[in-house]
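K.L.:
The structure that follows is given in the form of structure tokens.
The values are calculated or read from the model by the stated rules, or taken from the named source; none is laboratory data. What you are looking at is a predicted structure, and each value in this text was computed from that prediction instead of being measured. When we count neighbours, we look across all protein chains shown, and the Cβ atoms used for this are built from the backbone with ideal geometry, even at glycine.
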Amino acid sequence: MIAVSRAQRTRSGAGSVAAAIALVVLVGLGALLAAPPFIAQATTVPPGQLPSWNPAVGCTAILTSIEGVIGNQRNANGGAAYGGGGFIPGVPDKRSTSPPCTVNGNATFVEIHGVQMLTLTYVVEDCAQYPNGNFCDTTFNFQDPKCASPDLYLCQMHMEIDQAWKSAGIASQNPPVTNQLFDIQGFVYWDNDHVNNSWHSFSGWEIHPISAWRFSSSPTPDFGLSMNLNKLSVQQGASSTATVTINSLDRFNGTVTLSASVTAKIANTTVVTLGPPSVSISSGGSATATLTIQAFPSAPVYNFWTVILKGTSGSVTHTLLVTLAITMPPPDFSISANPTSLTLTPGSSQTATITIQSMYNFTGAVNLAVSVAPADTTASLSPAEPAASLNPATVTVARNGLATSTLSVSASLLAIPGTYTVTINANSGTLSHQATVIVNVTL
């Protein structure tokens, strides 16, 4: 990934110098959503003169505002209409790694100062597989706290760090969730599929992709949550971990209490924890916590569950939403015996049922073999040890089904009393599992 230099800027009234972090972002492949027909404007908006913070972007930005991008024309839902946009038509392809600086003579690359996360959350979603891995969009909504419009939807805008820019290796870390103000650079885009969605402010206008961001000047100490991970993933019946970073912003100094939860639909089958449960951060410093995800074997397979991470300090709470994929492990099988112990007298025999259970869509033949050994491994095997056999010695297991074999164990009249371990080995290709039955020979 490419790091953008941190510009130094003086904070008004404080006289202190803070790092204005410019984070680079991501670009990629073909357009998933079509833009509406190009509409010519009466006045052409030429490109600005502000240099790009992202060295992968060759355009110069024009300084504007959210209202300057989306305009003040309302659609039927109260959101910003396409026809009122200040940079019509925007870029035609939101996944392009080299979007045009102008379309029909109108600028596409903008710089917006002093915007704020609308819901103090961002979501990592809309993931796709690329040759170099799985990458997701990071999406959030920003508002202009200085907007004078009585229509809130004309004061806010959807923005995304694009999955394809991440795949291209020109992306920064995701921004922290914070009350702090941001400066944004990116390309104007119209997504016609979301004009009826409240989470998209009932408008198709987006900054997509964001090419870089930095913090605006702010005198208020705060903290931020972030995770430099495209997507969380865990297999059924397994666990995984990820690192959450808590950053001090603008001289924040204090303790942040952490918590984690998951979507209600998987709360009974997926457990998430954050440790330690609280961290202390000094001014200008950071701390980390480990997110642990445990998925039960019954956890439902799905690529877009949500993990909710929260950090609280005093009256301030920030929330980070991260996409979780619960996946099915490779096909496998299990083996079990019932009963797991037998008691024999010389001259008698007993049986146990060996069950082979398909797991995760396993199907195929499983070969069985049995061996007998004294439970005391220092003892030598008696010439009259119990005899064991399996019938059948090969079973065929259907997908998500089971098959059984009968284990027969007999003790001859010359069998020496004692405890023996009968081991059943099950093999199919590279898969191998064992079960044991304890046999007690008594007089």
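K.L.:
For region 163-195, name all the residues that are in a loop (DSSP other than H, G, I, E, B), over 25 Å from residue 101 (Cβ atoms) and modelled with pLDDT under 90. Step through it out loud before you land on a result.
P.N.:
Keep residues of region 163-195 that are in a loop (DSSP other than H, G, I, E, B), which gives 168-176, 178-181, 191, 195.
This time we only want the ones that are over 25 Å from residue 101 (Cβ atoms), so: 173-174, 176, 178-181, 195.
Across region 163-195, the qualifying residues are 173, 174, 176, 178, 179, 180, 181.
K.L.:
Which numbered condition trips up residue 78, out of (1) surrounded by fewer than 19 Cβ atoms within 10 Å (Cβ to Cβ); (2) at pLDDT 90 or above; (3) among the small types (Gly, Ala, Ser)?
P.N.:
(2)
K.L.:
With respect to residue 167, is the statement that it is among the small types (Gly, Ala, Ser), within 27 Å of residue 258 (Cα to Cα) and crowded, with 18+ Cβ neighbours inside 10 Å true? Write out each step before concluding.
P.N.:
Details: among the small types (Gly, Ala, Ser): yes; within 27 Å of residue 258 (Cα to Cα): no; crowded, with 18+ Cβ neighbours inside 10 Å: yes.
For residue 167, the condition - among the small types (Gly, Ala, Ser), within 27 Å of residue 258 (Cα to Cα) and crowded, with 18+ Cβ neighbours inside 10 Å - is not met.
K.L.:
I would also like to ask the following. Hey, which of the strands (runs of 3 or more DSSP E) in region 264-371, taking only ones fully inside, have at least 3 residues that are of a type outside the set (Ser, Thr, Tyr)?
P.N.:
Numbers: elements: 270-275, 278-281, 286-295, 302-313, 316-327, 332-338, 341-344, 349-359.
Counting at least 3 such residues, we get 270-275, 286-295, 302-313, 316-327, 332-338, 349-359.
K.L.:
Exactly one of these conditions fails for residue 252: (1) under 24 Å from residue 118 (Cα atoms); (2) over 16 Å from the mean Cα position of the chain (by Cα); (3) part of a strand (DSSP E or B). Give me its number.
P.N.:
(3) is the only condition that residue 252 fails.
K.L.:
Can you name the number of the only condition in (1) buried (at least 19 other Cβ atoms within 10 Å of the Cβ); (2) more than 16 Å from residue 233 (Cβ to Cβ); (3) among the aliphatic types (A, V, I, L, M); (4) out of contact with any Gly (no Cβ under 8 Å at 6 or more places or on another chain) that residue 262 fails?
P.N.:
It fails just one condition, (2).
Quick grid of which residues meet (1) outside the structural domain of residue 70 (by TED's automatic domain parsing); (2) among the hydrophobic types (A, V, I, L, M, F, W, C):
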position	(1), (2)
198	no, no
207	no, yes
212	no, yes
239	yes, no
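K.L.:
Pick out the one residue from 389, 349, 334, 380 that is surrounded by fewer than 17 Cβ atoms within 10 Å (Cβ to Cβ), modelled with pLDDT under 90 and either under 28 Å from the mean Cα position of the chain (by Cα) or of a type in the set (S, T, N, Q) (or both).
P.N.:
Values: 389 fails: modelled with pLDDT under 90; 349 fails: modelled with pLDDT under 90; 334 fails: modelled with pLDDT under 90.
Unique residue meeting the criteria: 380.
K.L.:
Separate question: All but one of (1) surrounded by fewer than 19 Cβ atoms within 10 Å (Cβ to Cβ); (2) in contact with an Asp or Glu (Cβ under 9 Å, 6 or more places away or on another chain); (3) polar (S, T, N, Q) hold for residue 138; state the number of the condition that does not hold.
P.N.:
Against the list (1) surrounded by fewer than 19 Cβ atoms within 10 Å (Cβ to Cβ); (2) in contact with an Asp or Glu (Cβ under 9 Å, 6 or more places away or on another chain); (3) polar (S, T, N, Q), residue 138 comes up short only on (1).
K.L.:
While we're on this one: Can you work out which of the residues in region 224-237 that are in a strand (DSSP E or B) and either assigned by TED's automatic domain parsing to the domain that holds residue 180 or within 19 Å of residue 180 (Cα to Cα) (or both) is farthest from the chain's Cα centre (by Cα)? Give the derivation first.
P.N.:
Going residue by residue through region 224-237, those that are in a strand (DSSP E or B) are 224-226, 232-235.
Pick out the ones that are also either assigned by TED's automatic domain parsing to the domain that holds residue 180 or within 19 Å of residue 180 (Cα to Cα) (or both) and you get 224-226.
Numbers: 224: 18, 225: 15, 226: 12 Å.
That would be 224.
K.L.:
While we're here: Taking the stated definitions as given, is residue 155 of a type outside the set (Ser, Thr, Tyr), assigned by TED's automatic domain parsing to the domain that holds residue 50 and crowded, with 18+ Cβ neighbours inside 10 Å? Working first, answer last.
P.N.:
Details: of a type outside the set (Ser, Thr, Tyr): yes; assigned by TED's automatic domain parsing to the domain that holds residue 50: yes; crowded, with 18+ Cβ neighbours inside 10 Å: yes.
Considered against the rule, which asks whether it is of a type outside the set (Ser, Thr, Tyr), assigned by TED's automatic domain parsing to the domain that holds residue 50 and crowded, with 18+ Cβ neighbours inside 10 Å, residue 155 comes out as yes.
K.L.:
Restricting the search to region 62-93, which residues are touching a Lys or Arg at 6+ places or on another chain (Cβ under 9 Å) and without any contact (Cβ under 8 Å) to a residue 24 or more places away in the chain? Explain how you work it out, then say what you get.
P.N.:
So in region 62-93, the residues touching a Lys or Arg at 6+ places or on another chain (Cβ under 9 Å) come out as 65, 80-81, 84.
Scanning region 62-93 gives a single hit, 84.
K.L.:
Taking the options 405, 410, name whichever one is hydroxyl-bearing (Ser, Thr, Tyr) and under 12 Å from residue 356 (Cβ atoms).
P.N.:
Details: 410 fails: under 12 Å from residue 356 (Cβ atoms).
Only one candidate passes the filter, namely 405.
K.L.:
Kindly indicate which of 406, 423, 396 is closer than 12 Å to residue 337 by Cα, touching a strand residue (DSSP E or B) at 6+ places or on another chain (Cβ under 6 Å), β-branched (Val, Ile, Thr) and loosely packed, with under 14 Cβ neighbours inside 10 Å.
P.N.:
Details: 423 fails: loosely packed, with under 14 Cβ neighbours inside 10 Å; 396 fails: closer than 12 Å to residue 337 by Cα.
From the options 406, 423, 396, the qualifying one is 406.
K.L.:
Regarding region 135-151, can at least one residue be identified that is in the same structural domain as residue 192 (by TED's automatic domain parsing), aliphatic (A, V, I, L, M) and closer than 27 Å to residue 217 by Cβ?
P.N.:
Going through region 135-151, the residues in the same structural domain as residue 192 (by TED's automatic domain parsing) turn out to be 135-151.
Add one more test, that the residue is aliphatic (A, V, I, L, M), and what stays is 148.
Imposing the further condition that a residue be closer than 27 Å to residue 217 by Cβ reduces the set to 148.
Looking for residues that are in the same structural domain as residue 192 (by TED's automatic domain parsing), aliphatic (A, V, I, L, M) and closer than 27 Å to residue 217 by Cβ, one finds at least one in region 135-151, hence yes.
K.L.:
In this structure, is residue 236 buried (at least 19 other Cβ atoms within 10 Å of the Cβ), at pLDDT below 90, over 23 Å from residue 95 (Cα atoms) and in contact with a strand residue (DSSP E or B) (Cβ under 6 Å, 6 or more places away or on another chain)?
P.N.:
no
K.L.:
Answer yes or no as to whether residue 108 is of a type in the set (Val, Ile, Thr), more than 27 Å from residue 45 (Cα to Cα) and crowded, with 19+ Cβ neighbours inside 10 Å. Please lay out each step first, then the result.
P.N.:
Working: of a type in the set (Val, Ile, Thr): yes; more than 27 Å from residue 45 (Cα to Cα): no; crowded, with 19+ Cβ neighbours inside 10 Å: yes.
Spelling it out, it is not the case that residue 108 is of a type in the set (Val, Ile, Thr), more than 27 Å from residue 45 (Cα to Cα) and crowded, with 19+ Cβ neighbours inside 10 Å.
K.L.:
How many residues are within 20 Å of residue 99 (Cβ to Cβ) and not in a strand (DSSP E or B) if we restrict to region 204-219? Before you say what the answer is, go through the steps one by one.
P.N.:
Residues of region 204-219 within 20 Å of residue 99 (Cβ to Cβ): 204-213.
Add one more test, that the residue is not in a strand (DSSP E or B), and what stays is 204.
Looking only at that region, the number is 1.
K.L.:
Would you confirm whether or not region 375-385 contains a residue that is in the same structural domain as residue 435 (by TED's automatic domain parsing) and part of a strand (DSSP E or B)?
P.N.:
To start, the set of residues in region 375-385 that are in the same structural domain as residue 435 (by TED's automatic domain parsing) comprises 375-385.
Narrowing further to those that are part of a strand (DSSP E or B): none.
Within region 375-385, not a single residue is in the same structural domain as residue 435 (by TED's automatic domain parsing) and part of a strand (DSSP E or B).
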